[in-house]
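Visitor: This is the structure, below, for whatever I ask next.
The values are calculated or read from the model by the stated rules, or taken from the named source; none is laboratory data. Owing to the predicted nature of the structure, the values given are computational and were not obtained by experimental measurement. As a convention, Cβ positions derive from the backbone with ideal geometry for all residues, glycine included, and neighbour counts pool all protein chains shown.
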Amino acid sequence: MKRHEDISVGDLLTEGRRFVLDVGEHHEGDGFRAIIVVEGYPGFFPSGELSNRLDAPPVLWWATDDKNEAQAMAYSHSEQILGLSRKEHEAIILSSIAAQQKAQRVQVKRDPDTGQVWLRNGYDQEIKLEEDDAIDLYQDLARSMNLPFRENCSECGAILNDEDKCEWCDYQ
Ligand SMILES: [Zn+2]
């Protein structure tokens with residue numbers, strides 16, 4: 001599976017997803033940047049990325065300083081060039097926002113056989129943690145779920161093997 005960062009608009013369109021050009025940032029002198037929002041895919045792509053496609057809409061900027069007008073131009077582009085109604089345009093934007101919200105969710109996975117726990121992001125990719133972070137996270141989870149876990153020594157921070165004393169700093 002490709003990493004999220006390596007996925008191009010072309011890959012997503014090849015999957016048969018629909019897209020629209022929507023309204024991005026305002027730039028003085030140019031208007032609003034056209035951004036590509038792909039159905040069911042989080043975030044957006046800058047419109048320049050479509051430039052190597054022969055059938056790509058040539059629009060890069062909504063040449064106006066009025067955001068409402070830029071939005072109207074985007075709807076009009078969807079209708080006339082992409083054959084999508086305003087409702088369909090909005091549905092594609094909403095599907096991308098929904099995917100964005102899902103992508104921001106971290107899932108905790110646990111292997112039922114080994115008991116190993118790991119994290120996955122919303123793109124279903126594994127999140128790597130430094131060992132200390134992993135220990136902190138596990139302790140927080142265990143604490144909130146009332147599962148057994150080993151505390152850190154309050155003196156030196158080492159993980160306690162024995163509840164009553166630390167083998168590293170002689171703290172008792
Ligand atoms: Zn200690």
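Visitor: Could you please let me know if Gln125 is within 30 Å of Ile7 (Cα to Cα), touching a residue at least 60 places away in the same chain (Cβ under 8 Å), more than 16 Å from the ligand (Cβ to nearest atom) and of a type outside the set (Val, Ile, Thr)?
Guide: Here the answer is yes, as Gln125 does meet what is asked.
Visitor: From Leu137, Leu141, grab the single residue that is of a type outside the set (D, E, K, R), more than 15 Å from the ligand (Cβ to nearest atom) and touching a residue at least 24 places away in the same chain (Cβ under 8 Å).
Guide: Within the list Leu137, Leu141, the selection yields Leu141.
Visitor: If I filter the range 102-118 for residues that are farther than 30 Å from Arg18 by Cβ and either within 16 Å of the ligand (Cβ to nearest atom) or surrounded by 14 or more Cβ atoms within 10 Å (Cβ to Cβ) (or both), do I get at least one hit?
Guide: Yes.
Visitor: I would also like to ask the following. Answer yes if at least one residue in the range 63-79 is basic (Lys, Arg), away from the ligand (no atom under 16 Å from the Cβ), within 22 Å of Gly31 (Cβ to Cβ) and out of contact with any Leu (no Cβ under 8 Å at 6 or more places or on another chain), and no otherwise.
Guide: Yes, the range 63-79 has at least one match.
Visitor: Give me the pairs, please: first residue somewhere in the range 4-28 and under 18 Å from Gly40 (Cβ atoms) and modelled with pLDDT under 90, second residue anywhere and in a strand (DSSP E or B) and among the aliphatic types (A, V, I, L, M), beta-carbon distance under 8 Å, and either six or more positions apart or on two chains.
Guide: Val9/Ile36; Val9/Val38; Leu12/Val38; Leu13/Val38
Visitor: Within the range 157-170, which residues are among the aliphatic types (A, V, I, L, M) and more than 7 Å from the ligand (Cβ to nearest atom)?
Guide: Ile159, Leu160
Visitor: Being surrounded by 12 or more Cβ atoms within 10 Å (Cβ to Cβ) and more than 7 Å from the ligand (Cβ to nearest atom) is the filter here; which residues of the range 144-156 pass it?
Guide: Scanning the range 144-156 gives Phe149, Arg150, Asn152.
Visitor: Which condition number does Ala134 fail, the rest of (1) among the small types (Gly, Ala, Ser); (2) surrounded by 10 or more Cβ atoms within 10 Å (Cβ to Cβ); (3) in a loop (DSSP other than H, G, I, E, B) being met?
Guide: (3)
For (1) of a type in the set (Val, Ile, Thr); (2) touching a residue at least 24 places away in the same chain (Cβ under 8 Å); (3) out of contact with any strand residue (DSSP E or B) (no Cβ under 8 Å at 6 or more places or on another chain), each residue gets a yes or a no:
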{"site": "Glu69", "(1), (2), (3)": "no, no, no"}
{"site": "Ser76", "(1), (2), (3)": "no, no, yes"}
{"site": "Glu79", "(1), (2), (3)": "no, no, yes"}
{"site": "Lys102", "(1), (2), (3)": "no, yes, yes"}
{"site": "Asp113", "(1), (2), (3)": "no, no, yes"}
{"site": "Asn161", "(1), (2), (3)": "no, no, yes"}
{"site": "Asp170", "(1), (2), (3)": "no, no, yes"}
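Visitor: Separate question: In the range 127-162, how many residues are closer than 26 Å to Gln104 by Cβ and among the basic types (Lys, Arg)?
Guide: Qualifying residue count for the region: 2.
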